[in-house]
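In what follows, a single structure is set out as structure tokens and then discussed.
Taken together, the values in this text are just the output of simple stated rules run on the coordinates, not laboratory data. All values derive from a computational prediction rather than experimental measurement. For neighbour counting, all protein chains shown are included, and Cβ atoms are generated from backbone atoms with ideal geometry for every residue, glycine included.
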Amino acid sequence: MTRRLYHADAYATEFESAVIRVEPCEKCAQASGGAGAREQCRAMVLEATLFYPEVGGQPCDTGWISDLRVERVIEAEGEILHLVEGGALSALPAAGDKVGGRIDWPRRFLNMQQHTGQHILSQAFLKVLGARTVSSRLGVGHSTIDVARLDLTWDDLGRVERAANAIVYEDRPVKIYEARAGELAGVRAKQEPVGDLLRIVEVDRFDISPCGGTHVRRAGEVGLVKILRWEKVRDTSRVEFICGALAEADYFWKNQAIVDLAQEFTTKDTEVAEMVRRWERSTRDLAREVAGLRGALIDYRLKDLEAAAREIAGARLVAVVLEGEPPAAVREIASRLVAPGGRVALIMSRAERVHFVFARSADLTVDMRQAAQAAAAVLEGKGGGKPEASEGGGKLPERAEAALAAAVEKVSALLGNWGH
């Protein structure tokens, strides 16, 4: 069993310990199939450690053992495995060697802020809304709790957040101690006892929770508890939150974005949200108007295209190069031209590139993929799809007419053989 020094002092950052063994990491070997970059991942087991492993929903510590970077720490059968990158095992510390360890303190403290903040937030949900925390996940960038309530509102979250931060502002002590299972009232979560003892984390006069994680000494060190968003997950609400330095960084970039938008659009920062909503409504209205005008233009254009259709082997063929039409319009023009039956439509649109849609009526059996391949070859592009409709393009707009001519030649040959 590895001695867990972080339980005695979560603020300690350096330690010394004897090496028990160093071996290839089986988990990494399995993940990489026994090959690749992770072959050099070694699992170092120490007699004692300050490194917190991935357990209890809290991210692990990272740092250094001697000059080796510790990228991940996991727990297996009571031992803590420090995963380091190294070469030959003979070049690494051996069993019995003394090594020095140093954890990445900013990461550790950030995890402590999130974990203590999670305890405070979960208890605030319980006290304000009667909503019990079902599960929690602490992450490096954000954390979540699942609470047993579905009908949450922003007003609810505001009341919960204010209650949580009131405890932070009061800077209440956070005490850690051991107690016998069953002897404490008000414990809101279950934990497997070590022997007959539980490790208890208590936020003074607010929350008592069994927990094996690392925590700050006082609630004020959490810095700030900030709820970001929530969503329904089965029969719970998953609430995303951040604390401390993460909340500070989040507030900075959001404030910067709001101020920049307010200055750009010459409005107050408090009015940016409503301005965006008005802009979005206006954009939707404009998009509908443009779609209506484009539809009317397509109707007008179809009359000219149908009038210019040529007869080939009993079918009517429309072949044209349009200027600057978007792919959606090209598809609509082609599909509407072939709808009546007995039609083939070879529609190209030229801008910086060429896009084409080749289609035929359902009562014809010619394969439009062959026409698409002929055009794509001229455009040095690609083309394909289904026999009844193919699509493609290329990067040489100056060759659009030549590509269309190649497609017409291919379709004429196919129509000439159609039915024979």
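Computed from the C-beta positions of A94 and A405 and an R0 of 56 Å, the FRET efficiency is 0.15 to the nearest 0.05.
Across segment 49-156 the C-alpha pair distances fall into 10 Å bins from zero in the proportions 12, 35, 25, 16, 8, 3, 0 percent. Of all DSSP-defined beta bridges confined to the chain, some 90% are antiparallel rather than parallel.
The phi-based Karplus calculation (6.51 cos²θ - 1.76 cosθ + 1.60; θ = phi - 60°) puts the 3J(HN,Hα) values of segment 61-76 at 6, 10, x, 9, 10, 6, 9, 9, 7, 8, 8, 7, 9, 10, 10, 8 Hz, whole numbers, x for Gly and Pro. Placing +1 on each Lys and Arg Cβ and -1 on each Asp and Glu Cβ, with no other charges, gives the chain a dipole about its Cα centre of roughly 880 debye. Counting only residues at least eight positions apart within a chain, or on another chain, the aspartates and glutamates with an alpha carbon under 15 Å from that of K175 are D9, E202, D204, D207, E221.
Taking amide H atoms as placed 1.01 Å from N in the peptide plane, the amide H of V216 lies under 5 Å from those of T116, each 5 or more residues away in sequence or on another chain.
A cut-off of 5 Å between modelled amide H atoms, ignoring neighbours fewer than 5 places along the same chain, links R21 with V45.
Diagonalising the gyration tensor over the Cα atoms of segment 256-361 and scaling each eigenvalue by 5 before taking the square root yields semi-axes of 44, 14, 10 Å, largest first.
Here H82, H215 are placed in order of increasing Cβ neighbour count within 10 Å, fewest first, which gives H215, H82. Fully extending the segment from R69 to D204 would add 44.9 nm, taking 0.36 nm per residue of separation and subtracting the current Cα-Cα distance.
Taking a point 7 Å out from the Cα of A249 in the direction of its Cβ, the residues of segment 69-104 whose backbone N falls within less than 16 Å of it are 104.
Subtracting the Cα-Cα distance of A307 and R137 from their residue separation scaled by 0.36 nm leaves 54.6 nm. Evaluating 6.51 cos²θ - 1.76 cosθ + 1.60 at θ = phi - 60° for every residue in segment 93-101, the Karplus couplings come out as x, 10, 3, x, 5, 8, 10, x, x Hz, glycine and proline recorded as x. Per residue, the convex hull around the alpha carbon atoms of segment 308-417 comes to 79 Å³. Between E54 and R162, the simple label model (points 7 Å from Cα in the Cβ direction) yields a spacing of 4.0 nm. For segment 265-306, the pair-distance distribution built from all alpha carbon pairs, in bins 10 Å wide starting at 0, is 26, 28, 20, 15, 9, 2 percent. In the chain, the DSSP-assigned H stretches of four residues or longer account for a calculated mean residue ellipticity at 222 nm of -12000 deg cm²/dmol, using -39500 (n - 2.57) per stretch and the full residue count as denominator. Within segment 337-420, the GluC sites (Glu not before Pro) that combine a DSSP coil assignment with at most 12 other C-beta atoms in a 10 angstrom radius are E352, E380.
Using only the C-alpha atoms, the convex hull of the chain corresponds to 253 Å³ per residue.
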